[in-house]
Structures are given as C-alpha cells and as structure tokens.
Ligand code: XIL
C-alpha cells in the first residue's frame, strides 16, 4: 500500500520553496500525485488491465501507477465489446479488478466509454457503421439504454466519471463557426439509426442511474481552441447544454506530437469555463517525440511542461490522464516514444519537466484554482492557506491566531513557524 504523504516530505517541499532556484526535480522526493493531491488535481494513466498484473501491489508497473498517479482508466476493458461481448451477457471482471486496485490505493476511476462507434460488439454492428443486423431505431435505443443503465448501475459510486459518448464528431467540419453554431456528426450506426438524440438519451440515462457521476463527451482533434473540430465540439456541447442535457464537460483526448501548438489546450479550457461554465479535461494525452534522441526528448519535455502549466491554471480542468505508462505500453506505432517513462520504466526528461511544473505551480502563483483566493487576493490583506481557503481577514488577525504552516499573503507564500 502506498503511504500517505509524510510530514518530512511536506517539509522538504516547503523548504525548497524558499530556495526555488536550486530546485532539482531529480532530487525531489515528491511524486506527480503528491503535487496533484496538494493542489486538488488528478493526474492519471490508462491501464491495460487485461495484460498487467495490477492485482499484485508489488508488481513494478502496479507500483509505478499508484506511486505516480491518483487516477486510472481502463485502456480497453470497459469498452462496449469488453463489457457486453454477447447480448445480455455482461463481463465486469477486468473493470472490477481496476476498481479494486484504485480503491486499495485511493485513486479515482474514470469510465471509458459507454457509447462509441469503435470496439462495438459484433452482435451490434460489424464495424460500428453498418446496420448489418437491421436494427430499428427502437431496437437500438433499447440496446443502448440497457447497456448504459446496466453498466452505470454496476459501477455506481465506484466510477467517479464517464466518457458517456466517444468520438461522435466527424473529421470533416468544413464550414462550422462559432457564429453559425454548426457541427457535423460522424455517421456511426448510432447516428444513422437513432439520430442525434442518441447523445441526449445516453447522457440522460447515465445521469438517472448515478447522479453523482460526472459525465463527459470525449473526442480527438478538438484539442486546440479555434480549430474547426474544437469549434464543432463547442457548438455541439452548447446545443446539449441549452437543451438541458446533463453534461459536465468535454474530454480532450490530446493524442499529439511534441511540435504541436499545445497552448491551444489551455485556451480551450478557459473558453469552456467562460462560455458554458463546464469542465474541460485532458483524457488521453501522449506526445509523439520520434526517435529517442536527447534533442527530441527535451522538445517533448517542454511540450509536456506547457500542457501541465496550462492545466494547473484552469480551475475547470481537474483531470489530466496519460494514455499509457511507459514507451513499452503505448498504442502508438513506430519508434515514437510518446510517454513520460521509457521502455524500461525509467523517468524521461518529460517526467522531470512535469514534476518541475507541478513544483513551480505549487510554490508560485500560476496555480489559482480557488475563486475566493483569485478574486480577492489582489485587493485585500487576507491570509489564505495553501489550498486557497481564507484563514484570516488580515495579517494582524492571522498573527493573533497563532497559526503555523504555509500560507499566502498578497500573492506570496510564506512559512509561519
Ligand atoms: C486504443 C487502445 O489504446 C488500444 O489498445 C486499442 O487497440 C484501440 O483503442 N481513442 C480512444 C481510446 O478513445 O479508447 C483508444 O484506445 C485510443 C484513441
């Protein structure tokens, strides 16, 4: 079992605050999840549950996962073809294994995914597009309803959030704009046979069974603010919100490369916050680096750093998931080395840049997720604790209270002994 953060580690984090210039991520005793937890965030990873021995807490991959991350998602094992391989026959074994692992190590579980055109069982469709079993709209609605309600019921209270629908937008979004509100849907079997309202129904059924679960619409290629698919995604989600569909946010898959203009992700998150007041999270991040040369790895590290910095500044981005643990466990083909641990599970420059970005975010002011702190810190004399909660209205009152620990006053952190 993973130990909870010890006092000595916290002290070492605090001490390094006062001497920021000497910070070296290679000697940091904290892990990614430690920072994430101190900052109220989730950093997670997908787990190939069927082929990894996560039932054994001493397994090196299991250890790496629960040491570095505080959220998990099944890479394939909670998709429709895995959960309902034959009509009416539900197979929850691997999903349950992941839930048990997460519970032992105090991690959040994301559910992926209730409805998709890919990895659909053959009894529904040959390829997720053709209606080769000649289902009617009513047939398919009841199939989808049964799947969603059964799975949501089984995982109620155990899986904190779901990608309710995955990849429902078409790749071609020519002609969409924020002003015309248009979007093109992928012509999957769901859209063709049921119609666009399969989306509204899917979210509504999921919400009815587990009203506490957060519900997301997930997609790829909609990552950067201003891109045509990002615009289509926004238009669709706005339409759903306007119609009262219970949607909590969008998931940006972020299957990207080191050279991409990754600043667009944080911009996208801010836009969702401002316009719709909903979450915008990163669900499947990896960054193709190319061959494992030191130039490629540093470029990759910088891109990971930028993404994390953006993530930390956005209060509506609670979660950032990586799509794989190490370069040996990635769905990306070729010599792309897209993850933060190498093929031998050793930390890459990208790992250290994430750790450093977390550290810097924690000790400086790029991290302001709490409205109370952000809204008033500039104008008042109040003192806040490290998680942004106000502890005193003035320095004077604060000193009189005999507090000790780490606090924030006028945008500066200080240690009160
Ligand atoms: C991928 C898995 O990583 C592979 O093992 C599997 O063969 C195909 O699916 N978008 C998604 C994920 O939403 O579910 C996909 O996962 C990657 C792309």
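Only the coordinates and a few stated rules stand behind these numbers; no lab work does. What you see is a predicted model, and the numbers here were worked out from it, not measured in a lab. Glycine gets a Cβ as well: all are built from the backbone with ideal geometry, and neighbour counts include every protein chain shown.
Taking the DSSP beta bridges with both ends in region 36-132, the antiparallel portion is around 10 percent.
For region 202-311, the C-alpha radius of gyration sits at 1.19 times the compact-globule guess of 2.2 N^0.38 Å, with N the residue count.
Sorted from longest to shortest, the spans of the Cα atoms of region 138-260 along the three principal axes equal 40, 33, 25 Å.
Each distinct pair of alpha carbons in region 59-100 adds a 1/r term; the inverse of their mean, the Kirkwood radius, is 11.6 Å. If you model region 131-170 as an ellipsoid using its alpha carbon gyration tensor, with each semi-axis the square root of five times an eigenvalue, the axes come out at 24, 15, 6 Å, biggest first. Computed from the alpha carbon positions, the gyration tensor of region 252-350 leads to an equivalent ellipsoid with semi-axes of 26, 13, 11 Å, biggest first.
Helix 294-313 axis versus longest C-alpha principal axis of the chain: approximately 90°, rounded to the nearest ten. Overall dimensions of region 183-236, expressed as equivalent-ellipsoid semi-axes from the Cα gyration tensor (√(5λ), whole Å, largest first), are 22, 17, 8. Relative to the longest principal Cα axis of the chain, at what angle does helix 349-363 sit, 0 to 90 degrees, rounded to 10? Approximately 60 degrees, to the nearest ten.
Compute the whole-percent fraction of alpha carbon pairs in the chain spaced more than 32 Å apart.
More than 32 Å apart: 39 percent of the Cα pairs in the chain.
Taking every alpha-carbon pair under 8 Å whose residues sit at least 6 apart, region 166-222 reaches a relative contact order of 37 percent.
Any idea what log10 I(q)/I(0) is at q = 0.19 Å⁻¹ for region 76-146, Debye with uniform C-alpha scatterers and no solvent? So the normalised log intensities work out to -0.78.
Helical runs (DSSP H, four residues minimum) scored at -39500 (n - 2.57) apiece and divided by the length of the chain put the mean residue ellipticity at 222 nm at -11000 deg cm²/dmol.
Highest mean packing comes first when the peptides 123-130, 28-35 are listed by Cβ atoms within 10 Å, giving 28-35, 123-130.
Compute the angle between helix 263-276 and the longest alpha-carbon principal axis of the chain, please, reported from 0 to 90 degrees and rounded to the nearest 10. Once rounded, one gets 80 degrees. Our note on the geometry: Cα centres of region 253-294 and region 314-368, 12 Å apart.
As a rough guide to protection, the peptides 189-195, 302-308 ranked by mean Cβ packing within 10 Å, highest first, stand as 302-308, 189-195. Highest-first packing order for the peptide set 61-68, 352-359, 244-251 is 352-359, 244-251, 61-68, based on the mean count of other beta carbon atoms within 10 Å.
For region 47-194, the extents of the C-alpha atoms along the principal axes are 50, 40, 25 Å, listed from largest to smallest.
Using C-alpha pairs below 8 Å separated by at least 6 residues, the relative contact order for the chain is 12 percent.
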